[in-house]
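**Student:** Structure incoming, see below.
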Amino acid sequence: MSSTVAPADQHHAAHHPALRHHFNTMAQQKEAAVIGMWVFLLTEILFFGGLFVAYMIYRIWYFDAFAEASRSLDLFWGGLNTAVLIGSSLTMAMAVRSAQTNKRMATVNWLILTMILGCVFLGVKVIEYSDKFEHHHVPGPNFVWASEHPSAALGAGEAAPGAEGEPAPAAATGHRQLSLTPDQLQRTTQIYFSLYFTMTGLHALHMIIGIGLMSVITWMSWKGKFDAEYYTPVEMSGLYWHFVDIVWIFLFPLLYLVERHT
Amino acid sequence: MSDHVSPISLYITIFTALMVLTALTVFAAFVDLGQFNFLVAMLVAGFKASLVVWYFMHMKYQSHLTKLALAVGLFFLVILLGETMVDYASKGFTPMPPRVNPDSEFQSH
């Protein structure tokens, strides 16, 4: 141990101002930050993992309901948001690279661009959510599953939700013959939308936190707090942002593309 | 500084690959592959996530310890998903008493 302590003491007078006393070198400090951030992200992976497990089980149980409900989402907005988020990951990677290469203004600009793309994503999400409210696709007392099926509208609409224990005899006619009656669809599509709002809502919350983090980092970059030797906060925000991107990479096919053929 | 600075061209390549894979996953969803639609979607998403982790998140240049930490996390994610699915799939292995009312699953009233 003493051999590693000695060089740090030698350079103590001239060490980087960002080097904390309990670290010997900047590289060691960086390593500690990176592994700490990854451990945090692993807890996040398992946090979202629990939601994915719930999704998997209900998807197997009520696949037809999931397929029907998934088709009601607008693929244009979902695809656009995927592209926007992947684009923001690129700009975030460029922000970190600019910090690595000591380009202060480029770092600030790339971070601002990343935040703008994040806001575009959230704006699209607002459009999608308000559409869900308009169509009564928000789980709860006002939920009505009647979009494409006149029979479903009659069975599960304003007439009598539930029809008091007597499922409608005719199965709803969708893109193909469904195994669920309109009454069953009314109940099981709510499970899909509960998961949809929980998963995309928590993802959006992570994006809002990410934008908040970035606004602080942008301000610090503007003030010249970072250089090629010390840019750890920029890289840590980048790791967080890329993680949020990865969650969406899985959410997009799971929520929007359950069964688009036929 | 020992930190690796990736060339801009690499980032552009990864970005392009991610966009192409997104288009691929949308295209594949409209083709009827039966049971394999889900598998294809998850394989493509997994590959996209790997590209992000490896290049955008610089995992390629991290220490073995950091890589191990990620591997441990993914291991527990596999346990979470895998064991739950095994439990779910094996529910039918043991004989069950016959269902009294086949519609009872949907009768919440």
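The values are calculated or read from the model by the stated rules, or taken from the named source; none is laboratory data. What you are looking at is a predicted structure, and each value in this text was computed from that prediction instead of being measured. Please note: Cβ atoms are built from the backbone with ideal geometry, for glycine as well, and neighbour counts cover all protein chains shown. Only protein heavy atoms, including side chains, enter the accessible area calculation; ligands, DNA and RNA are left aside. Shrake-Rupley method; radii C 1.70, N 1.55, O 1.52, S 1.80 Å.
**Student:** Rounded to the nearest 100 Å², what's the accessible area chains A and B bury against each other, both chains counted, probe 1.4 Å?
**Tutor:** Approximately 4900 Å², summed over both chains.
**Student:** Run the numbers for B:Trp54 and B:Phe75: contour at 0.36 nm per residue of separation, minus the present Cα-Cα distance, in nm.
**Tutor:** 5.8 nm
**Student:** Note every residue of segment A:61-93 with a reduction of at least 50 square angstrom in accessible area, all protein chains present versus the isolated chain, computed with a 1.4 Å probe, or write none.
**Tutor:** Listed by number, the residues meeting the 50 Å² cut-off are A:Ile86, A:Leu90.
**Student:** Sorting check: for B:61-70, B:14-23, which peptide has the highest mean count of neighbouring beta carbons within 10 Å, and how do the rest follow?
**Tutor:** Highest-to-lowest ranking by the protection proxy: B:14-23, B:61-70.
**Student:** Applying the Karplus parametrisation 6.51 cos²θ - 1.76 cosθ + 1.60 with θ = phi - 60° to the phi angles of segment A:38-47, what ³J(HN,Hα) value in whole Hz is obtained for each residue in order, glycine and proline being reported as x?
**Tutor:** With coefficients 6.51, -1.76 and 1.60, one gets 5, 4, 4, 5, 5, 5, 5, 4, 6, 4 Hz.
**Student:** What ³J(HN,Hα) values, in whole Hz, does the Karplus curve 6.51 cos²θ - 1.76 cosθ + 1.60 give for segment A:67-84 when θ = phi - 60°, with x put for Gly and Pro?
**Tutor:** My calculation for segment A:67-84 gives 5, 4, 5, 4, 5, 6, 6, 7, 5, 4, 5, x, x, 4, 5, 4, 5, 4 Hz in order.
**Student:** Could I ask something else about it? Here are some pairs, A:Lys225/B:Lys60; A:Lys30/A:Lys103; A:Lys125/A:Lys225; A:Lys103/B:Lys60; A:Lys125/A:Lys223; which of them have Cα atoms lying more than 30 Å apart in this structure?
**Tutor:** A:Lys125/A:Lys225; A:Lys125/A:Lys223
**Student:** Quantify how strongly other chains surround peptide A:249-259 by giving the mean number of their Cβ atoms within 10 Å of each of its Cβ atoms.
**Tutor:** 6
**Student:** Could you sort A:Val39, A:Val108, B:Val31 by their accessible area in this structure, using a 1.4 Å probe and putting the largest first?
**Tutor:** A:Val39, B:Val31, A:Val108
**Student:** Determine the gain in length on full extension of the stretch B:Val5-B:Ala89; use 0.36 nm per residue of separation and subtract their C-alpha separation, reporting nm with one decimal.
**Tutor:** Fully extending the segment from B:Val5 to B:Ala89 adds 25.6 nm.
**Student:** Rounding to the nearest 10 and keeping the result within 0 to 90°, find how far the Cα-based axis of helix B:8-29 lies from the longest principal axis of chain B.
**Tutor:** That works out to roughly 20 degrees.
**Student:** Right, something else. Would you mind telling me the share, in percent, of accessible area of chain B contributed by carbon and sulfur at probe 1.4 angstrom?
**Tutor:** Ligands and nucleic acids excluded, carbon and sulfur reach 73 percent.
**Student:** All other residues with a Cβ under 10 Å from the Cβ of A:Phe23 taken together, and with Lys, Arg as +1 and Asp, Glu as -1, what is their net charge?
**Tutor:** Charge balance near A:Phe23 sits at +1.
**Student:** Then there's this: First compute the accessible area of segment A:24-154 with a 1.4 Å probe, then give the percent of it belonging to carbon and sulfur atoms.
**Tutor:** 72 percent
**Student:** Rolling a 1.4 angstrom probe over the protein heavy atoms, how many square angstrom per residue are accessible across segment A:18-80?
**Tutor:** 43 Å²
**Student:** Sticking with this one: Taking 0.36 nm per intervening residue step and subtracting the Cα-Cα distance, what contour gain separates A:Ser179 from A:Ala106 on full extension?
**Tutor:** Working it through step by step, the gained length comes to 20.7 nm.
**Student:** Follow-up. Return the Cα extents of segment A:45-152 along principal axes one, two and three, sorted largest first, each rounded to a whole Å.
**Tutor:** Result for segment A:45-152: principal-axis Cα extents of 63, 30, 22 Å.
**Student:** Round to the nearest 10 and report in Å² the accessible area of A:Leu117, as given by a 1.4 Å probe over the protein chains' heavy atoms.
**Tutor:** Approximately 40 Å² of A:Leu117 is accessible to the 1.4 Å probe.
**Student:** Further question on the same structure: Just to be sure I understand the interface: list residues from segment B:66-84 that lose 30 Å² or more of accessible area between the chain on its own and the complete protein assembly, 1.4 Å probe.
**Tutor:** Buried on complex formation: B:Thr66, B:Ala69, B:Leu70, B:Gly73, B:Leu77, B:Leu80, B:Leu81, B:Thr84.
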